Amino acid sequence: MHEETIVPNSTEDQAWADLLSPTRRGLITGSTLAAAGIAATGLGAGMAEAQSQAPLGDPNFRPVLPPRDVGKSPWGEKTALEPATRPLSIRPEGGYGLPEHPRPYTAVKSYHAHIYFDEDNYPKAARLRQWVIERFPVELGNWNLTPRGPHVTPSFYFGFTNDLLPVVVPWLQLNSLGLTILLHPNTDDPRADHLYYTLWVNRSQPVNAFNWKKAGEPGAEPVERIYPNIRPTHPLEV
C-alpha cells in the first residue's frame, strides 16, 4: 500500500477553492458585502468571469459589470441646491394669463408639412414624397438627411397655400404610411407656429425652436412665404 502524499494548495488555489465551495458561494450570492470583499482581494474580475459562464436564468448567473467611473461630475457638487424656476413661456401672448381676444384666422398666411423619417422607414418617406410631387402644386424642399433648423431628425417638407388645407390634411392622414408628420401654419410668430400652433399626424416628437425670437423681438424670423415649384402630373383621387 502506497503512502499518500498530500501537496498543500498554493495561496491562490486555496482562495479559489474557498470561494467556489457550495457553502461559500451561497454566502457570496446573498451578500453584496462578500462580493465587495472578493473585489478587494484582486480576484473579483476572475470571479465575475467565472460567474458569467452560468446560463441566463441560472441562479448562479452574474452579469459582468464594468468598473465604476472615478472622478467628479462636470456639473459640480451643488446641483441639488438649484431652485426650481418656471421656464420662459412659449405662448405667443407671453405670460400665463388668458388673451383678451382670439387671433383672426387670416393671420395664417400658408402652411408647412414636415415629414420625419429615419434609416429604417425612409422608403416610406420616398414613396410619400413622390405621391406629393405627382398630385399637389406645392413648394417642395430638399431631403434633410440630418437634423436641420428646429427639426431633430431627418425630414423633408413641403409648403402649401391656405386653399389646399382642407385637402392636404385629410390626404396626409390617410396616406402618412405611419410616418410622423408635423403641420404648422405660417404667421408672424414662427416660434409659436412650431411649438404652439401645431397639428400632428400619428404622433408628436420634440421640436427645438425654443431659442427662436418671439414676434416683434429683434432678430425674429420673418413670415414664411410659399413659392410653389411643383406642377402635378396625376389627378387627385376622389
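The values are calculated or read from the model by the stated rules, or taken from the named source; none is laboratory data. These numbers were taken from a predicted model, which means no experiment stands behind them. Using ideal geometry, Cβ is built from the backbone for each residue, glycine included, and neighbour counts are taken over all protein chains shown. Remember, those area values only see protein heavy atoms, side chains included, never the ligands or the DNA or RNA. Shrake-Rupley method; radii C 1.70, N 1.55, O 1.52, S 1.80 Å.
For the reader, a short list of remarks on this structure follows.
Residues checked against (1) closer than 18 Å to T161 by Cα; (2) touching a Pro at 6+ places or on another chain (Cβ under 8 Å); (3) not in a loop (DSSP other than H, G, I, E, B); (4) not hydrophobic (A, V, I, L, M, F, W, C):
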residue	(1), (2), (3), (4)
R203	no, no, no, yes
F210	no, no, no, no
K214	no, yes, no, yes
R225	yes, no, no, yes
N229	yes, no, no, yes
P232	yes, yes, no, yes
V238	no, no, no, no
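- Segment 37-90: number of residues that are open to solvent by less than 90 Å² (accessible area, probe 1.4 Å), part of a helix (DSSP H, G or I) and modelled with pLDDT of 90 or more: 1
- Residue under evaluation G159, criteria (1) touching a Gly at 6+ places or on another chain (Cβ under 8 Å); (2) modelled with pLDDT under 95, criterion not met: (2)
- Checking each residue in segment 208-228 for being farther than 18 Å from E139 by Cβ, surrounded by fewer than 18 Cβ atoms within 10 Å (Cβ to Cβ) and hydrophobic (A, V, I, L, M, F, W, C) picks out F210, A215, A220.
- For segment 105-200, the helices (runs of 4 or more DSSP H) that sit wholly inside it and include 3 or more residues that are open to solvent by 40 Å² or more (accessible area, probe 1.4 Å) are 122-135, 165-175.
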